[in-house]
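Nothing in this text is a laboratory measurement; each read-out follows from the coordinates by a stated rule. Treat the numbers as computed from the prediction; the structure is a model and nothing was measured. Heads up, the Cβs are rebuilt from the backbone with ideal geometry, glycines too, and the neighbour counts pull from every protein chain shown.
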Amino acid sequence: MSKKVDIKVTVNGKLYERSVEPRMLLSDFIRHELGLTGTHTGCEHGVCGTCTVWFDGEPVRSCLMFAVQADGHEVHTVESLGTPDNLHPLQQAFMEKHALQCGFCTPGMLMTFAHFIQRHPNPTDEEIREAMAGNLCRCTGYENIVEAVKLAAQRMAGK
Amino acid sequence: MTTEVKTKVIGKSVWRNEDPRLLTGMAQFVDDIELPGMLHAAFYRSDYAHARIKSIDVSAARARPGVVAVYTAEDFGDYWHVGPLQVPPPLAIKGAQFNARPLVPIAKDKVRYSGEPLAVVLAESRYIAEDALADIYADLEPLPAVTDMEKALEPGAPLVHDDLGTNLAADVYQQVGDYEAAKAKADVVIARRFFKDRCAGGAMENRGIVCAWDEKAQKMTVWCGTQAPIPMRNAIAKNLGLSEDQVRLVIPFIGGGFGPKVMTSMPDDVLLPWLSRKLNRPIKWIEDRRENFLATTSERDQIHYAEIALTKDGKILGVKDVFYHNTGAYDPYGMTVPLNTQTHTLGQYDVPNFYTQIKMVFTNKMVVTPVRGAGRNYGVFVMERLMDLAAKELKMDPVEIRMKNLIQPHQLPYKTGIIGQDFVENVLDSGDYPASLKKAVEMIGYEKFVKEEQPRLRAEGKWVGIGVVNFVEGTAVGPYEGARVTVGNNGKVVVLTGCSTQGQAHFTTFAQLVAEQLGVDVKDVHVTTGDTDQFHWGAGTFASRGITVAGSAVYAAATKVRAKALSLASKLLETPEEELELADGVVRVADLPSKFIPLGELAMKANPTRGTIEPGVEPGLEATAYYAPPHGATGYGTNAIILEVDKETFDVKIRRFVFVHDCGTVVNPMVAEAQIHGGVQMGIGTAFFEQLVYDDNGQLLNASFQDYLMPKATDMPMKMELGHLSVPSPLNPLGLKGLGEAGAIPPPAAYAQAIENAIHDVDFEILDMPLNPSRLYELVKAARKK
Ligand code: FES
Ligand code: FES
């Protein structure tokens, strides 16, 4: 066990000060230190994308970062998008298009695409699939996720 | 028994009740559970696939700060025990030989597969627990490993279970008619060897368990993402010498099941509850992805020696299939998987003579238990390939030869004479097989493609091919499921079942069944699918049985509650029952909607605090019901695809993907279609991407998502075109059949046919699965050399 390090991380707009081992994964920090369990881990080796969060506004795999690297930075997780009573348009579209089954990959998908839609307000199917290639889902066959992203993009662009 | 039901909510694509929580990170999965004082477990696992254990030194691990305990098999003392079998031997089949070797919770004396646990560490954090694994030294004497099924049965092969004297785990044959006599009369006989390799269950959430012994209450609570809550509770209670009510199993949200999560008596659920009681501390174990690949359970590998005998005009006279089934190091799940292969081989075809034999083999590989498709796809692959080879030999069109041999609607229900995984004779209960094939052929535009498009594309130098294959999916097997439906004083309805849910939308579809009967909003029906303190009867979610078996129980319970509500309301409203209706959360006079009584108020009246209730009436607006099918219901369908093989890279691109299926009455079309989508993804995976690659030493070479390829969004067809048929099953009042595994079954067979058809200028046969670009390249290269 190595010496703990003090860090300050802003997660979903709230500042957290914690003492952590340098080796603690950012994903474990978010889930088990902060109790924000919406972020999932499906592989912890950087392939499945279930652990995707935003790091200073950009999607990253939180299982491939250490919590200490987030010192002084800003993280957003799925909990920042919407609430059960007030879903984000992307979450709403996922529900309407049945883009989730077990829901385990879903937080990662949402964080990937909430960012993607900002950059691609009018995405094609190919662009959506290309953007999804870093997120695995075992349940849905992906088709309904493509449909949900298109629907959300249309709505968010006010079309 | 099937009645035409006019439905309000059944058959509607209702949005899911569970989604708002899942979408916002508010749904609790097993790894989200934190308890005060909780210890974290990590397993030390064997690197060898086959080895004798000489000694295990855990002293350094025990001395590490933060480590609370380290246990090896020795340390478990008398508690160490094997098994039990989760599925009993197939005694219903005459002459069946079965050698039971149930799971060992932690290896003692000998290691039988790579990844088998040798020690378990309990520490204050998972990080420390994993550190301590590096402190353990196991002195293992490696033994020669056996991974090949045929070699395993040769004399002198290394023995997985020394005491058995053989690696033969089971030998079971079944027959209908007389294949050899049929063969003697045949014009054409085609025989081949087929091989299909293993794939992983691959749920995105790994397995996990949290258990907490409460010394004061003398009660064990376990949270676990299992597909089979009641069997697991019963197993844990038995292991610990507790009565069933002293063990509570709570099922949180489950991040996908796909088969492996049906297992009980695995190392974690045998050892950790015992340790929690012993140490009087809660314990959590969450599997990591590597462990999931190495040491959970996986899909089968099988070798088939199959032959088909036909007349010269393409009528099948008989089929013979002798196959090897690799069960891995143990056989805890009996013969479910190879029996599924047996019952699904003939699929939709009318074959009078059939001989099928399973030789189940122990090897030094991970244990095999059902994974979505669960052996069905192997039978279907073999049969569909035989049909293709026959068509080629007889110069017939692949669709024509299929059409010629289909079981006709008037022949249903069709007794196959083959006993299935549920130990009763397999019966094809309902459907219209020719309609399915016709529909798929029409949807994909078979004629036009073959006559116009394909010649044009071939002239352009493209390798473009079409494949059309049929399948059946035995679903909804027994023994039974149950449900309790209760109307609360607030008018909301609670549904309890023991059938857990891994993403199949039971929180919504079960709610729809209740809403239909009680006239409430689907959102006002709260479904709990696995809390054994609340409902403790049932078998679990597997074999595509959730909606049909548990759903039928839910529907029956709701029907009883409806009758109770009507009877009570009739008295209170002084109106005959026939004039009442249930709608909008009330019981009201149909012609006078202002005369009503809310369901919540009725619930209160049904549970008076003084006075009495009528003799013979149970209190509350509540009822429990069970449903036990006489045998499974059989779904079916046809898969038609058009694909292109890249001449340079040998990669395959799907151009069209048509899937026709029949699952009887559909409760929620949106959910049903998505079940097909997900199944197809696994089907395509096992056709062209997914393969657990073992070397001769029994080492799994691709135990990560980096190396094991699951289809990504870019690997899937752009659009799955689904065609629906709906012939209700006569086996249950709603006419339901399952469909959870359908999509996973036919794609390998469809790929094989279409790829051979695409590479028209090379004479070659695809007999092994899965393919990938390099295997396909090798096949074509070898054929060109000839
Ligand atoms: S858990 Fe981070 S990519 Fe899989
Ligand atoms: S919804 Fe289950 S993994 Fe994507």
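Remarks
- If you look at the Cα atoms of region B:592-640, you get an Rg and a Dmax of 20.8, 66 Å.
- Average partner coverage of B:674-680, which counts Cβ from other chains inside 10 Å: 5
- Residue order for B:Lys278, B:Lys183, B:Lys196, B:Lys451, fewest other beta carbons within 10 angstrom first, comes to B:Lys451, B:Lys278, B:Lys183, B:Lys196.
- Per-residue HN-Hα couplings for region A:142-147 [Karplus 6.51, -1.76, 1.60; θ = phi - 60°; Hz; x = Gly/Pro]: 6, 4, 5, 5, 4, 4
- Comparing region A:42-85 with the 2.2 N^0.38 Å rule of thumb, its C-alpha radius of gyration ratio is 1.22 (two decimals).
- For the segment A:127-139, counting C-beta atoms of other chains within 10 Å of every residue's C-beta and taking the mean gives 6.
- Given their separation in residues at 0.36 nm each and the Cα-Cα distance between them, B:Val322 and B:Glu400 gain 25.4 nm when the chain is fully extended.
- Radius 11 Å from Cβ of B:Val441, net charge of other residues (Lys, Arg +1; Asp, Glu -1): 0
- Chain A: projected area of the alpha-carbon convex hull, averaged over directions, in nm²: 9.2 nm²
- Placing R0 at 51 angstrom, the Cβ-Cβ distance between B:Ser704 and B:Lys278 gives a FRET efficiency of 0.90 after rounding to 0.05.
- Longest to shortest principal axis, alpha-carbon extents of region B:238-350, angstrom: 73, 32, 27
- Calculated Rg and Dmax of region A:5-80 using C-alpha coordinates, Å: 10.9, 30
- Between the beta carbons of B:Ala60 and B:Lys392, assuming R0 = 60 Å, the FRET efficiency works out to 0.40 to the nearest 0.05.
- The antiparallel fraction among DSSP beta bridges confined to the protein assembly as shown stands at about 80%.
- Each peptide among B:136-146, A:48-58 gets the average number of other Cβ atoms lying within 10 Å of its residues, and from highest to lowest they stand as A:48-58, B:136-146.
- Listed residues A:His73, A:His98, A:His32, most fluctuating in chain A (Gaussian network, C-alpha, under 10 Å): A:His32
- Candidates A:Cys43, A:Cys105, A:Cys137: whichever shows maximal mean-square fluctuation once chain A is modelled as a Gaussian network with Cα springs under 10 Å: A:Cys43
- Scanning residues 5 or more positions from B:Asp178 or on other chains, those with amide H under 5 Å from its amide H are B:Phe354, with H placed 1.01 Å from N in the peptide plane.
- Virtual spin-label span in nm between B:Asp214 and B:Tyr137, 7 Å along Cα→Cβ: 4.5 nm
- For the protein assembly as shown, the dipole from Cβ point charges (+1 on Lys and Arg, -1 on Asp and Glu) about the Cα centre works out to 560 debye, to the nearest 20.
- Region A:5-80 - charge dipole about Cα centre, Lys and Arg +1 at Cβ, Asp and Glu -1, debye rounded to 20: 120 debye
- The peptide list B:314-324, B:506-516, put in order of mean Cβ contacts within 10 Å with the highest first, becomes B:506-516, B:314-324.
- Taking label positions 7 Å along the Cα-Cβ direction at both A:Gln154 and B:Lys781, the computed distance is 4.8 nm, reported to one decimal.
- Bridge type composition, region B:197-277 - antiparallel percent by DSSP, nearest 5: 60 percent
- Extension reserve of the B:Ala563-B:Glu452 stretch, reckoned as 0.36 nm per residue once the Cα distance is removed: 33.9 nm
- Rounded if a/c under 1.5, otherwise prolate or oblate - region B:315-437, Cα gyration tensor axes: prolate
- Note on B:195-208: average number of Cβ atoms from other chains within 10 Å of each residue's Cβ is 3.
- Three-way shape call for chain B based on the alpha-carbon gyration tensor, with the a/c threshold at 1.5: oblate
- Cα centroid separation - region B:617-631 against region B:650-668, whole Å: 36 Å
- Leading residue at positive end of dipole, the protein assembly as shown (Cβ point charges), from B:Pro105, B:Ala390, B:Tyr626: B:Ala390
- A simple spin-label model places the labels of B:His724 and A:Ser19 6.0 nm from each other, with each point 7 Å out along Cα-to-Cβ.
- With a Förster radius of 56 Å applied to the C-beta separation of B:Arg52 and B:His410, the computed FRET efficiency comes to 0.35.
- For region A:85-159, a/c is not less than 1.5, where a ≥ b ≥ c are the root eigenvalues of the C-alpha gyration tensor, and a/b does not top b/c. That puts it in the oblate class.
- Charging the Cβ of each Asp and Glu at -1 and of each Lys and Arg at +1, and nothing else, the dipole of region A:89-156 about its Cα centre rounds to 180 debye.
- Axial C-alpha extent at least 20 Å, average Kyte-Doolittle at least -0.5 - helices from chain B (DSSP): B:376-394, B:551-573, B:669-688
- All-pairs Cα distance distribution in the protein assembly as shown, expressed in whole percent, bin size 10 Å: 2, 12, 21, 25, 21, 13, 6, 1, 0, 0
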